[in-house]
1. Which residue fluctuates most in the GNM of the chain (Cα springs below 10 Å): ALA41, ALA13, ALA100?
2. Restricting to lysine pairs 8 or more places apart or on different chains, what number in the stretch 114-184 have Cα atoms under 22 Å apart?
3. If one puts a single equal scatterer on every Cα of the chain and applies the Debye formula without solvent, what log₁₀ I(q)/I(0) results at q = 0.07, 0.10 Å⁻¹?
4. Pairs of Cα atoms under 8 Å, at least six residues apart: use those to get the relative contact order of the stretch 96-200, whole percent.
5. Let me have the 222 nm mean residue ellipticity of the chain computed from DSSP H runs of 4+ only, each contributing -39500 (n - 2.57), with the sum over all residues rounded to the nearest 500.
6. So which residue, out of LEU191, LEU49, LEU14, gets the largest mean-square fluctuation from a GNM of the chain using Cα contacts under 10 Å as springs?
7. Please give the contour-minus-distance gain from ASP30 to GLN131: 0.36 nm per residue of separation, less the Cα-Cα distance, rounded to one decimal in nm.
8. Among 27-38, 61-72, how do they line up from the highest to the lowest mean number of other beta-carbon atoms within 10 Å?
Amino acid sequence: MLPTPPVVADGIALFLDMDGVLAPMAPTPDAVVPTARRTAALKAVEARLAGRVAIVSGRTLAEIDRISDHALVSGSGVHGLERRLKDGSIERKTPDAGVAQALDAFEEFAADRPGVIVEDKGVSVGLHYRQAPDEAGAAKGLAAELQAETGLTLQPGHMVLELKTPGADKGTAVTAFMQEAPFKGAVPVMLGDDLTDEYGFEAAAALGGYGVLVGPERETAARYRLDDVDAVLTWLEAVAKA
Ligand SMILES: [Mg+2]
């Protein structure tokens, strides 16, 4: 059983996944909307940590900003493929040519399958089947085939398959932030729920910090655990006052 993370603020840097950590899972990506409690908690903790807070999500930076109501400057979108630094500048990987091919194939797949949603993120493309779980097998088959053809990285998530431009993940994003002000020299703490967050947990541990798993116990590189989004927000509120 993993313990609850300590409530500390001095010297830590926070890296936060969005879906399943700051926001409950929803039927579609668009169904997640800003809440006053989340926005206030993010702003409070960013002030307490002197800016050492970033959302690190599979969503785009535009989506992170929409859901967090622009609470934070630093952030990384699309599994590390986009990164906004503290000065507001954005680093973005050039989309692999295979992304356009995968987008076409996913759109063709979704066209006659109600509930299957394609999400074009520029540097990657996602195929969501949360509302059509019977299509999971066919979706996985298609994604594996496209991965072999294009050389894109296949990233499975909660009822979503994503084909992305190679060369980044949440771990590379955490590592890059930790080389820059205001993060440099702090102890990185990564909160996440999904398999993609394991890269962030490992990167945090390699830099002297730790991961916090959100959700049920499982095999993980995280050292602590919180139950759900409500527990995360309560913990952030406590850290902001620590
Ligand atoms: Mg997540």
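1. Looking only at ALA41, ALA13, ALA100, the largest GNM fluctuation is found for ALA100.
2. Taking the Cα cut-off of 22 Å, the pair count is 5.
3. Those come out to -0.22, -0.45, one per q.
4. Answer for the stretch 96-200 is 22 percent.
5. That calculation yields -10500 deg cm²/dmol at 222 nm.
6. The residue that fluctuates most here is LEU49.
7. 35.0 nm
8. 61-72, 27-38
Each reported figure results from applying straightforward, stated rules to the coordinates on display, with no laboratory input. Every value quoted in this text rests on a predicted model; they were computed, and no experiment measured them. Neighbour counts are summed over all protein chains in view; Cβ atoms, including those assigned to glycine, are modelled from backbone coordinates with ideal geometry.
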